[in-house]
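Everything below concerns the one structure shown next.
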Amino acid sequence: MNFQPHGISDRAIEGPASYKSEVEAAEALLKTKETWNGVSAEAVARMRLQNRFKTGLDIARYTAALMRADMAAYDADSSKYTQSLGVWHGFIAQQKMISIKKHFGSTERRYLYLSGWMIAALRSEFGPLPDQSMHEKTSVPALIAELYTFLRQADSRELNDIFRSLDAARKDGDKAKEKALIEKIDNFQTHVVPIIADIDAGFGNAEATYLLAKKMIEAGACALQIENQVSDEKQCGHQDGKVTVPHEVFLAKIRACRHAFLELGVEDGIIVTRTDSLGAGLTQQIAVSHTPGDLGDQYNSFLDCEEVSAADARNGDVIINRNGKLLRPKRLASNLYQFRPGTGVDRCVLDCITSLQNGADLLWIETEKPHIEQIAEMVDRIREVVPNAKLTYNNSPSFNWTLNFRWQVYDAMKKAGKDVSQYNRAELMKAEYDNTPLAIEADERIRTFQADSAKRAGIFHHLITLPTYHTAALSTDNLAKEYFGEQGMLGYVKNVQRAEIRQGIACVRHQNMAGSDIGDDHKEYFAGEAALKAGGAHNTMNQFG
């Protein structure tokens with residue numbers, strides 16, 4: 001049975017070659033067990049195939065090899081970038097992958113993203129929290145395990161439907177259909193895909209980072225994303241007040257993640273290092289420096305300092321000696337030090353090169369707007385040192401995409417000498433502009449943003465951090481407006497159930513989605529004709545075919 005979605009040689013999972021061989025293996029085993037009465041070899045084979053991934057480490061090894069193959073494919077052809085959507089519940093992840101298989105026939109180059117922001121906002125026992133690493137760290141590996149539980153159940157459910165069709169074909173004596181269904185089983189594509197999981201700033205020191213990384217990997221994560229902010233001052237990447245740490249502090253956490261991967265035998269594990277330096281103007285520490293030009297000295301060179309003499313030194317001052325000059329870094333009342341304005345780009349480039357030279361696999365540059373040339377200018381500089389540097393990029397809902405791209409088109413039109421008199425730049429978000437040439441061009445740039453930036457700016461992976469947070473709110477608002485308004489029950493039937501039926505949404509048969517048919521088949525395996533099954537003639541799910 002082939003569980004290799006991309007046709008790659010799977011170094012992590014050695015599995016059965018075919019449905020037939022699994023059945024034969026079960027038959028051979030059962031022949032040696034005289035007292036195992038009533039156990040069906042074919043049922044055993046089916047249950048094994050429905051539970052292909054036995055542990056989270058099986059998943060981590062499998063998906064890491066998959067992601068490495070995708071990275072190599074992107075290096076050879078930048079049109080082969082990857083994508084993901086952020087999810088906050090196993091059901092959401094499951095429905096996403098079922099939908100992808102339905103619409104595109106393949107999960108190739110499509111991943112999941114696990115957002116620390118959404119865990120904080122939706123999964124903390126404290127209730128909704130801001131993205132400041134205040135949520136329970138154990139909720140991160142717990143959600144990874146939950147996501148993969150639902151993805152594995154999606155495999156089990158789809159295979160179960162195929163097995164039922166196979167039994168029906170055999171009952172009808174349809175040999176051609178039977179053969180086709182067995183081939184479908186042998187070439188089944190798993191819903192299990194890589195998860196890029198947010199470990200924030202490590203939830204503490206390097207040891208804390210290592211311990212959490214292990215739990216995340218054991219749950220199935222093949223890729224960990226870590227940022228260079230201070231753990232106890234961590235902020236959302238698109239909010240103010242971000243504080244970074246010196247490179248050596250961050251590198252220790254990168255090494256902690258790598259040790260966790262290697263200890264657990266996930267040698268292909270991926271580390272995504274995020275720099276928040278573009279929007280972070282503060283640091284908690286002055287870096288240790290031993291020689292001029294070393295990494296600590298480079299970090300400190302961006303500090304906002306004033307030259308002083310020995311006589312000017314005040315009680316409690318920190319003084320830096322640089323090239324014979326005494327410099328006093330500006331220290332705020334919060335005991336933080338500030339960087340010079342305008343140094344964010346240079347700090348980002350240094351962060352990225354340093355990370356790649358010390359164990360990182362992918363970069364993440366947190367920006368304040370989606371602008372291809374802004375990203376590309378930094379990547380060009382990084383690639384002068386590390387030619388195959390690749391990015392993961394946050395296509396964030398924190399950006400007003402409509403407004404940003406309308407601004408970009410407006411500015412480009414004005415620079416080219418085109419007439420923009422019909423547009424008010426300050427009001428471009430207004431609906432009255434939606435069908436104008438400017439808005440149409442802006443929407444086209446949004447549509448091609450991922451492909452264009454993958455080619456121009458080295459972006460291997462595009463993700464949206466919080467999409468299902470917003471879709472849940474939007475769909476709930478629409479349902480509440482209709483159901484509690486004049487439409488009453490029609491508000492649900494027309495806009496939800498009928499739409500599910502028309503669009504072929506599998507979840508319309510919610511009993512089947514929750515595993516009712518799988519349970520019925522298990523009952524038959526276990527109890528034979530005595531099984532009391534739920535899916536009989538009186539099951540209302542039969543109304544949906």
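Would segment 364-486 count as rounded, prolate or oblate if I go by the C-alpha gyration tensor, calling it rounded below 1.5 in a/c and otherwise prolate when a/b exceeds b/c, oblate otherwise?
Details: a/c = 3.12, a/b = 1.27, b/c = 2.46.
Oblate is the answer for segment 364-486, as a/c is 1.5 or above yet b/c matches or exceeds a/b.
Helix 19-31 versus the longest principal axis of the chain: what is the Cα-based angle in degrees, 0 to 90, to the nearest 10?
Computed tilt is about 60 degrees.
Between helix 56-76 and the chain, what is the angle of the helix's C-alpha long axis to the longest principal axis, kept within 0 to 90° and rounded to the nearest 10?
That helix lies at roughly 60 degrees to the long axis.
At most 11 other C-beta atoms within 10 Å and a DSSP loop state: those are the exposed chymotrypsin sites (Phe, Trp or Tyr not before Pro) I care about. Give me the longest piece of the chain that has none.
On the way: sites that count: 36, 126, 484.
Here the longest segment lacking exposed loop sites spans 127-483.
Counting only trypsin sites (Lys or Arg not before Pro) that sit in a DSSP loop (anything but H, G, I, E, B) with at most 16 other Cβ atoms within 10 Å, what is the longest stretch of the chain containing none of them?
On the way: sites that count: 11, 33, 54, 80, 314, 330, 418, 430, 533.
That gives 81-313 as the longest site-free run.
Using Cα-Cα distances under 8 Å and only pairs 6 or more residues apart, what relative contact order does the chain have, in percent?
On the way: 868 pairs, mean separation 80.7, N = 545.
Reported as a whole number, the value is 15 percent.
Pulled fully out, how much extra length does the chain show between residue 18 and residue 307, if you take 0.36 nm times their separation in residues and subtract their Cα-Cα distance?
Contour length minus the Cα-Cα distance gives 96.6 nm.
Nearest 500 deg cm²/dmol is fine: what mean residue ellipticity at 222 nm does the chain get from its DSSP H runs of n ≥ 4 alone, each adding -39,500 (n - 2.57), divided by its residue count?
The helix-only estimate for the chain comes to -14500 deg cm²/dmol at 222 nm.
Sticking with the crude label model, points 7 Å out along Cα→Cβ, report the distance from residue 103 to residue 456 in nm, one decimal please.
Taking the simple label geometry, residue 103 and residue 456 are separated by 2.5 nm.
Can you give the extra length, in nm with one decimal, that the chain gains between residue 374 and residue 526 once fully stretched, where that is 0.36 nm per residue apart less the Cα-Cα distance? Intermediate values should be presented prior to the final figure.
On the way: separation 152, 0.36 × 152 = 54.72 nm, distance 6.17 nm.
Taking 0.36 nm per residue and subtracting the Cα distance, the gain is 48.6 nm.
Normalise the Cα radius of gyration of the chain by 2.2 N^0.38 Å (N = residues in it) and let me know the number.
Numbers: Rg = 27.5 Å, N = 545, 2.2 N^0.38 = 24.1 Å.
Normalised Cα radius of gyration, the chain: 1.14.
Of the cross-linked pairs 369/414; 54/215; 102/175, which ones have a Cα-Cα span greater than 18 Å in the structure shown? Write down the numbers at each step before the final one.
On the way: 369/414 20 Å; 54/215 16 Å; 102/175 26 Å.
Distance filter (> 18 Å) returns 369/414; 102/175.
Calculate how steeply helix 247-263 sits against the longest principal axis of the alpha-carbon atoms of the chain, using the helix alpha-carbon long axis, and give the answer as 0 to 90 degrees to the nearest 10.
The answer is roughly 20 degrees.
Residue 35 versus residue 386, label points 7 Å from Cα toward the beta carbon: distance in nm?
Spacing of the two 7 Å Cα→Cβ label points: 6.0 nm.
What's the FRET efficiency of residue 27 with residue 498 using the Cβ-Cβ distance as r and R₀ = 45 Å, to the nearest 0.05?
Values: r = 47 Å, r/R0 = 1.04.
Computed FRET efficiency for residue 27 and residue 498: 0.45.
Suppose R0 equals 25 Å; then what is the FRET efficiency for residue 55 and residue 208 from their Cβ-Cβ distance, rounded to the nearest 0.05?
Working: r = 24 Å, r/R0 = 0.96.
Using R0 = 25 Å, I get an efficiency of 0.55.
Quick note: the coordinates plus some simple rules give every number you see, no bench work behind them. Just so we're clear, the structure is a prediction, and the values are computed from it rather than from any experiment. All Cβ positions, even for glycine, are placed from backbone atoms using ideal geometry, and neighbour counts span all protein chains on display.
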